[in-house]
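Asks: Mind having a look at this structure? Questions to follow.
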Amino acid sequence: MSREVYHEVRELWKAHSIAEDRRDIAGLIATLTDDCVYEVLPDGARWEGHTGAVQFYTQLLSAFPDIHFDLQNIVIGPQGVCEEAKVTGTHKARWLDRKPTGQKVEFRVVIFFPWDLEQKKFKAERVYIFQ
């Protein structure tokens, strides 16, 4: 992998992460291809395109308004980014098929961000949840 591609992937992932921390939906969407796909596994939930990505983030940030991703590991390469994080937050609204509990939650995720080499954006986010 050329240093240029590594730098592009790394910098866009950083912009994505900063936008997520700031709850900046437009900033998040700017890092994604028009035909992006969001999936949460093993639940099987799926959102498509920018409209779907907005729905994903709106639902996630509504369900866990204080959500925090504590990065544990990250791998960056020409195929994209793979990160492991510990997630904490308060479950305030429905998320997927889970009713809100009002309780603090903690779980782990592995998230894969596949890279589109031509568009120089992420073409998906696949979130694997481990509880």
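Asks: For region 94-108, give me each residue that is surrounded by 14 or more Cβ atoms within 10 Å (Cβ to Cβ) and assigned to a strand (DSSP E or B).
Replies: Let us first name the residues in region 94-108 that are surrounded by 14 or more Cβ atoms within 10 Å (Cβ to Cβ), namely 95, 100, 105, 108.
Scanning region 94-108 gives Trp95, Val105, Arg108.
Asks: May I ask you to verify whether Lys123 is loosely packed, with under 15 Cβ neighbours inside 10 Å, modelled with pLDDT of 95 or more and not in a helix (DSSP H, G or I)?
Replies: No, not satisfied.
Asks: Filter region 77-131 down to the residues that are β-branched (Val, Ile, Thr) and within 15 Å of the chain's Cα centre (by Cα) and list them by number.
Replies: Of everything in region 77-131, those that are β-branched (Val, Ile, Thr) and within 15 Å of the chain's Cα centre (by Cα) turn out to be Val81, Val87, Thr88, Val109, Val110, Ile111, Val127, Ile129.
Asks: Only residues in region 63-87 that are over 20 Å from Thr101 (Cα atoms) count as the first member; pair them with residues that are outside any strand (DSSP E or B) and modelled with pLDDT of 95 or more, Cβ under 7 angstrom, at least 6 apart or cross-chain, and list the lot.
Replies: Close Cβ pairs satisfying both conditions: Ile76/Val9; Ile76/Arg10; Ile76/Trp13; Gly80/Val9; Val81/Val9; Val81/Trp13.
Asks: I've got another one for you. Would you check which residues across region 41-55 are under 18 Å from Ile111 (Cβ atoms) and open to solvent by 80 Å² or more (accessible area, probe 1.4 Å) and list them?
Replies: Passing the criteria: Pro42, Arg46, Glu48, Gln55.
Asks: For residues in region 75-93 being in contact with a helix residue (DSSP H, G or I) (Cβ under 6 Å, 6 or more places away or on another chain) and open to solvent by less than 40 Å² (accessible area, probe 1.4 Å), which is nearest to Leu41 (Cα to Cα)? Step through it out loud before you land on a result.
Replies: Start the filter on region 75-93 by keeping residues that are in contact with a helix residue (DSSP H, G or I) (Cβ under 6 Å, 6 or more places away or on another chain), which leaves 76, 78, 81, 93.
After this cut, where a residue has to be open to solvent by less than 40 Å² (accessible area, probe 1.4 Å) as well, the list is 76, 81, 93.
Numbers: Ile76: 21, Val81: 17, Ala93: 19 Å.
Of everything passing the filter in region 75-93, Val81 is nearest to Leu41 (Cα to Cα).
Asks: OK, next. Suppose we filter region 11-40 for residues that are surrounded by 14 or more Cβ atoms within 10 Å (Cβ to Cβ) and either in contact with a Pro (Cβ under 7 Å, 6 or more places away or on another chain) or not acidic (Asp, Glu) (or both); how many remain?
Replies: Total meeting the criteria: 18.
The values are calculated or read from the model by the stated rules, or taken from the named source; none is laboratory data. Worth saying up front: this structure is predicted, and the values here are computed from it rather than measured. So basically every Cβ, Gly included, is an ideal-geometry build from the backbone, and we count neighbours across all protein chains shown. The protein model used for the area step is the full one, side chains on, heavy atoms only, and it has no ligands, DNA or RNA in it. Shrake-Rupley method; radii C 1.70, N 1.55, O 1.52, S 1.80 Å.
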